[in-house]
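Encoded as structure tokens, the structure appears first; notes follow it.
The values are calculated or read from the model by the stated rules, or taken from the named source; none is laboratory data. Please read all numbers here as calculations on a predicted model, not as lab measurements. Virtual Cβ from ideal backbone geometry, glycine too; neighbours counted across all protein chains shown.
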Amino acid sequence: MSNKIVNEIRKLPIDSTPKMLLWVISDIADDDGNTTWYAPRSRLMEETGYSNKTIAVCIAYLKECGIVQVIGGNGRQNQYIVKPENFNSDVKYQPKKDSKPVSEVHQCTSFTSELGSPPPVNLTDKPVNLAQKPVSEVHTIPHIHQYPSVYPSLGDSENPPVDKPKAKRVTKKQAGINQLVELGCEEKYAHDWMVARKGAQLTDSIIENLSEQARKANITIAQAVEWSAKKGYQGFKADWYLKDQARDNPPLNTQVLPNSLNANYWANFNQPQEPDGWFEDPIDVTPKKTLRIEGVGHA
């Protein structure tokens, strides 16, 4: 939650509907105005009570007036950056109203659907000249009025429309691969990870948790997916990754052993180590007899 951003948008002259959405986005954002991946469309719908269509219209308005920058291509996985200093008050919010196309509106001014209303009457005294048609072209079924089709391509054209092939259904596995590719993952690692997950659906909460764990491990989402795919894991935890890295890269042993265990002894003789071959010739350590003076007279 960023009180800084919320306070900056508090007094902006914005219509109440988009301002409510902007308030929720600013509440999610950090002090830099960035929501990262914590503002999915489902969360905005839940906290504002708006429909998906209303949120789309409000986001388009906030982008146009410059106060919100949208990053991402999929509406459910967008991240938003709030920039109150870029607000352009000249742009006005114009919500779309539900209205029927002109082709669906009855064009007869005397038409009424009220029960018991009088039949329509001519609004002019001028005679109406109707074109003469041969009997073969006149509709002979009584009480049925024919009107020209408002969609000529559907009824009046000589070439009726051809049924278009149905779009191929996207599986949960392929949808998950597409989401991971949009987040910067390589397709082969995204495919292998979804296989390890047995094609389970990637929900918004799973994507948010994956992003948070990758941030704790100080790596990108793509690196987290690649590591999990190589390990065959169904999920990703920062602790798993850090322990694996510590096991693969143990600290080096920098302890230096002396060249000779008797180095301290030979240092007393100004020698760095024992001389070469000093132990090859045996040293006689047998005690010697004291010298005797024989033949010396006594005083």
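Tell me the helices (runs of 4 or more DSSP H) entirely within the stretch 1-60 that contain at least 1 residues that are under 25 Å from Ala214 (Cβ atoms) and either without any contact (Cβ under 8 Å) to a residue 24 or more places away in the chain or of a type in the set (D, E, K, R) (or both).
Values: elements: 3-9, 16-28, 41-48.
Once the helices (runs of 4 or more DSSP H) in the stretch 1-60 are filtered for at least 1 residues that are under 25 Å from Ala214 (Cβ atoms) and either without any contact (Cβ under 8 Å) to a residue 24 or more places away in the chain or of a type in the set (D, E, K, R) (or both), what remains is 16-28, 41-48.
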Checklist entry - When both residues are 6+ apart or on different chains and their Cβ atoms are under 7 Å apart, which pairs have a first residue that lies in the stretch 237-257 and is among the aliphatic types (A, V, I, L, M), and a second that is modelled with pLDDT of 70 or more? => result Ala238/Gln213; Ala238/Lys216; Ala238/Ala217; Leu242/Ala217
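How many residues are aromatic (Phe, Trp, Tyr) and either touching a strand residue (DSSP E or B) at 6+ places or on another chain (Cβ under 7 Å) or outside the structural domain of Ala60 (by TED's automatic domain parsing) (or both) if we restrict to the stretch 19-46? So that I can check it myself, show each step before the final result.
From the stretch 19-46, those aromatic (Phe, Trp, Tyr) are 23, 37-38; that's our starting set.
If we keep only those that are either touching a strand residue (DSSP E or B) at 6+ places or on another chain (Cβ under 7 Å) or outside the structural domain of Ala60 (by TED's automatic domain parsing) (or both) as well, we get 37.
Within the stretch 19-46, residues that are aromatic (Phe, Trp, Tyr) and either touching a strand residue (DSSP E or B) at 6+ places or on another chain (Cβ under 7 Å) or outside the structural domain of Ala60 (by TED's automatic domain parsing) (or both) number 1.
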Next on the checklist: Against the condition among the aliphatic types (A, V, I, L, M), at pLDDT 85 or above and either over 30 Å from Gly176 (Cβ atoms) or not in a loop (DSSP other than H, G, I, E, B) (or both), how does Ala214 come out, does it pass?
Outcome noted: yes
Checklist entry - What is the number of the single condition among (1) farther than 20 Å from Asp244 by Cα; (2) over 11 Å from the mean Cα position of the chain (by Cα); (3) surrounded by fewer than 18 Cβ atoms within 10 Å (Cβ to Cβ) that Arg215 does not meet? => result (1)
Next on the checklist: For the stretch 33-63, give me the residue count where each residue is at pLDDT below 85 and either out of contact with any helix residue (DSSP H, G or I) (no Cβ under 7 Å at 6 or more places or on another chain) or on the phi > 0 side of the Ramachandran plot (or both).
Outcome noted: 2
